[in-house]
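A.B. asks: First, the structure itself, so that you have it in front of you.
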Amino acid sequence: MGMLKSLEVDYSYDIVEEFLSHYSLMCDILEPLVINLGRTDKYGENIRELFRIYHNIKSAASYMHLEPIVKLATFAEEVCSEARDLVGPANDAFIDWLLLVCDQLNKYKDDLENDADFFSVLEPHIINIPTKLD
């Protein structure tokens, strides 16, 4: 039994579908927000929105007991929390790191949708947070 089937056993079908729908939507809007962090006029608004999205992903995944998603979203939320205090724009290293996070969250989404037995392996470069964000 894969992860999706396990979720459907543990939770009602409606809850699982709602989670997947919202998680998919949040994953879809991450990349444009991240890319626009390179613009001074968009930085503040986008970093606050990214923080909010990572917080929502963390909360929803926590309810569903999806620990790899919780851990990654928590990590990204903490980094974005620090970045909210900066003026911006974000540097290329920070944008590239956030894009790695986006890619990983999308891999996890695909794992769930394809009813994989396990989540994909974490991209090892994600642990290398840039020391300077702007």
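The values are calculated or read from the model by the stated rules, or taken from the named source; none is laboratory data. Just so it is clear, the structure is predicted and the values come from calculations on it, not from any experiment. Reconstructed Cβ throughout: ideal geometry from the backbone, glycine too, with neighbour counts over all protein chains shown. Ligands, DNA and RNA are stripped out before the accessible areas are found, and what is left, the full protein with its side chains, is counted by its heavy atoms. Shrake-Rupley method; radii C 1.70, N 1.55, O 1.52, S 1.80 Å.
A.B. asks: May I ask you to give the percent of accessible area on the range 1-118 that is carbon plus sulfur, with a probe radius of 1.4 Å?
C.D. replies: Using a 1.4 Å probe with all protein chains present, the range 1-118 comes out at 51 percent carbon and sulfur.
A.B. asks: Here's something else I'd like to know. Restricting to lysines 8 or more places apart or on different chains, can you count the pairs in the range 12-133 with Cα atoms under 23 Å from each other?
C.D. replies: Qualifying lysine pairs in the range 12-133: 7.
A.B. asks: How big is the charge dipole of the chain about its Cα centre, in debye rounded to the nearest 20, if each Lys and Arg gets +1 on its Cβ and each Asp and Glu gets -1 on its Cβ?
C.D. replies: Here the chain has a charge dipole of around 420 debye.
A.B. asks: May I pose another question? Taking the Kirkwood radius as the inverse of the mean 1/r across Cα pairs, report the Rg/Rh of the range 1-66.
C.D. replies: 1.12
A.B. asks: At 1.4 Å probe radius, can you tell me the per residue accessible area of the chain in Å²?
C.D. replies: 54
A.B. asks: Could you report the accessible area of ASP10 in Å², rounded to 10, computed with a 1.4 Å probe on the protein chains as they sit in the structure?
C.D. replies: 110
A.B. asks: Looking only at the range 99-121, which residues have a backbone nitrogen under 16 Å from a spot 7 Å from the Cα of ILE35 in the C-beta direction?
C.D. replies: 99-103
A.B. asks: Charges at C-beta only: +1 for Lys and Arg, -1 for Asp and Glu. How large is the resulting dipole of the range 69-112 about its Cα centre, in Debye rounded to 20?
C.D. replies: Result for the range 69-112 is approximately 120 debye, rounded to the nearest 20.
A.B. asks: LYS5 to LEU25: FRET efficiency via 1/(1 + (r/R0)^6), r the Cβ-Cβ distance, R0 25 Å, to the nearest 0.05?
C.D. replies: 0.65
A.B. asks: Sticking with this one: Ordering ILE35, ILE29 from largest to smallest accessible area (1.4 angstrom probe), what's the sequence?
C.D. replies: ILE35, ILE29
A.B. asks: Name the residue from THR74, PHE119, GLY44 whose Cα lies farthest towards the positive end of the charge dipole of the chain, charges +1 on Cβ of Lys and Arg and -1 on Cβ of Asp and Glu.
C.D. replies: Checking the options against the dipole of the chain, the answer is GLY44.
A.B. asks: I need to check one value: relative contact order of the chain, counting alpha carbon pairs closer than 8 Å and at least 6 residues apart, in percent.
C.D. replies: Across the chain, relative contact order equals 33 percent.
A.B. asks: By Kyte-Doolittle mean hydropathy of at least -1.0 and Cα axial length of at least 15 Å, which whole DSSP H helices of the chain are selected?
C.D. replies: Once both thresholds are applied, what remains is 13-35, 40-63, 67-83, 92-113.
A.B. asks: What is the local net charge at MET1, summed over the other residues whose Cβ is closer than 13 Å to its Cβ (Lys, Arg +1; Asp, Glu -1)?
C.D. replies: Charge balance in the 13 Å sphere: -3.
A.B. asks: Next up: With θ taken as phi - 60° and the coefficients 6.51, -1.76 and 1.60, list the Karplus ³J(HN,Hα) couplings across the range 122-129 in order, rounded to whole Hz; mark glycine and proline as x.
C.D. replies: With coefficients 6.51, -1.76 and 1.60, one gets 5, 4, x, 6, 5, 6, 8, 5 Hz.
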